[in-house]
Structures are given as C-alpha cells and as structure tokens.
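Derivation of every value follows stated rules applied to the coordinates shown; laboratory data play no part. This one's a predicted model, so the numbers in the text were calculated from it and none came from an experiment. Counting neighbours? That spans all protein chains shown, and the Cβs are built from the backbone with ideal geometry, glycine included.
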Amino acid sequence: MTVNQRVKQVRESLGLSQLNFARKISISSGFLANIETERREVNNRIVKLICVTFGVSEKWIETGEGSMFPNETESPLTERFISIYKELNPEFQDYVRKQLDNLLKLQNDKSGK
C-alpha cells in the first residue's frame, strides 16, 4: 500500500468526505482527490497536517508499520464521542447509555450471540 492509499484509508476510517477531510487539513478537495488517485505525491507538510489534525501515526502513514492511530481506543472519532458525552447533562448521558445498550442487544440478537 502506498502513502497515497494510506491517506485515503485515514479519510475513510474517519468517515469524512474528501471535501471535509481536505478542509480540515487546509487543502483543496481537488488536490486531495489527486493524492488519492496518485496523480500527486504526498509531501511532508501534508503528512504532518494529517498526523496533527487526526492523531495518525506518522510512522504508519509513511511506512504502513504499526497502527493508524497510536492508541486505537483513542482514535479521533472515539475522542469526539467521549467529548460530546461528557458535555451532556446526566439525564442525557443516561439516555445515551440506554440507547447504546439497546443497539448492542439488537446487534447481538441479529448475529446470534
């Protein structure tokens, strides 16, 4: 897998469109599209922006070694969920926990667990 393919993998794992991903690292969506289709090379500036903005391992993005996020349990998406949850009032936190319990039960029921 190339650096360009790993950039696309980061974007997809975060569930971001090319436009939103590009905006967050201050490049055009066209430039990002060219990176993902390997018409443009990924320079050190882009690597640094991705790593700082999304918490991606620089070693992983450059070489593919290790994990995408140094601590998988603290991916940017997980951190965002935790941050939002902490901002909720206690009664809304209870609601979220109940909904997550219900979703997990539904998932387990469907998979036969």
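I need to check one value: relative contact order of the stretch 30-80, counting alpha carbon pairs closer than 8 Å and at least 6 residues apart, in percent. Contact order relative to length: 21 percent. Where in the stretch 1-33 does the label zone of Asn43 land, with the point 7 angstrom along Cα→C-beta and an amide N cut-off under 18 Å? In the stretch 1-33, the label zone of Asn43 (backbone N under 18 Å from the point 7 Å along Cα→Cβ) covers 3-4, 7, 22-33.
Taking Asn20, Asn89, Asn43 in turn, the Gaussian network model of the chain (Cα-Cα springs below 10 Å) assigns the largest fluctuation to Asn89. For the stretch 19-87, a/c is not less than 1.5, where a ≥ b ≥ c are the root eigenvalues of the C-alpha gyration tensor, and a/b does not top b/c. That puts it in the oblate class. In a DSSP loop and with at most 14 other Cβ atoms within 10 Å, the GluC sites (Glu not before Pro) in the stretch 12-113 are Glu38, Glu41, Glu65.
Number of Lys-Lys pairs in the chain with C-alpha atoms under 30 Å apart and a separation of 8 or more places or on different chains: 13. Here the calculated FRET efficiency for Lys59 and Arg23, from their Cβ-Cβ distance with R0 = 22 Å, stands at 0.30, rounded to the nearest 0.05. The label point for Thr2 and the one for Glu87, both projected 7 Å from the Cα toward the Cβ, are 3.8 nm apart. Loop-located trypsin sites (Lys or Arg not before Pro) in the stretch 1-90 (DSSP state not H, G, I, E or B) with no more than 11 neighbouring Cβ atoms inside 10 Å: Arg39.
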